Amino acid sequence: MATNEAFEAAQQRVKTLSKTPAADELLELYALYKQATAGDVQGSRPGMLDFKGRAKFDAWSGKKGVAKTNAESDYVKLVGKLVEKYG
């Protein structure tokens, strides 16, 4: 389990990557971050022409029911993998 300090440190580490992660990796980071900080997704799904908004909403919606501590832990693990991959 990740501690709150590890989660905060991972948020800083991800900003130091030398390359931008792939779109699916960015969506996973977003979804885990939002689930850890805001809980289950709320509101309605963005309209058909808001592709980015819909993708983010769908990614976050896919984490529905995941506990805050689990989302934080998964986020820290993902950041670790991204640091290894992108430096």
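A few remarks follow.
- Of K15/K64; K19/K63; K15/K77, those spanning more than 18 Å from alpha-carbon to alpha-carbon: K15/K64; K19/K63
- Pairwise FRET efficiency - E25 versus T3, Cβ, R0 = 30 Å, nearest 0.05: 0.80
- Set against the 2.2 N^0.38 Å expectation for a compact globular protein, the chain has a Cα radius of gyration ratio of 1.09.
- Sites listed here are trypsin sites (Lys or Arg not before Pro) in the chain whose DSSP assignment is loop and whose Cβ has at most 11 other Cβ atoms within 10 Å: K15, K19, K64.
Every number here is computed from the coordinates shown, using simple stated rules; none is lab data. Remember, predicted model here, so these are calculated numbers, not experimental data. Cβ coordinates were reconstructed from backbone atoms using ideal geometry, including for glycine residues, and neighbour counts include every protein chain displayed.
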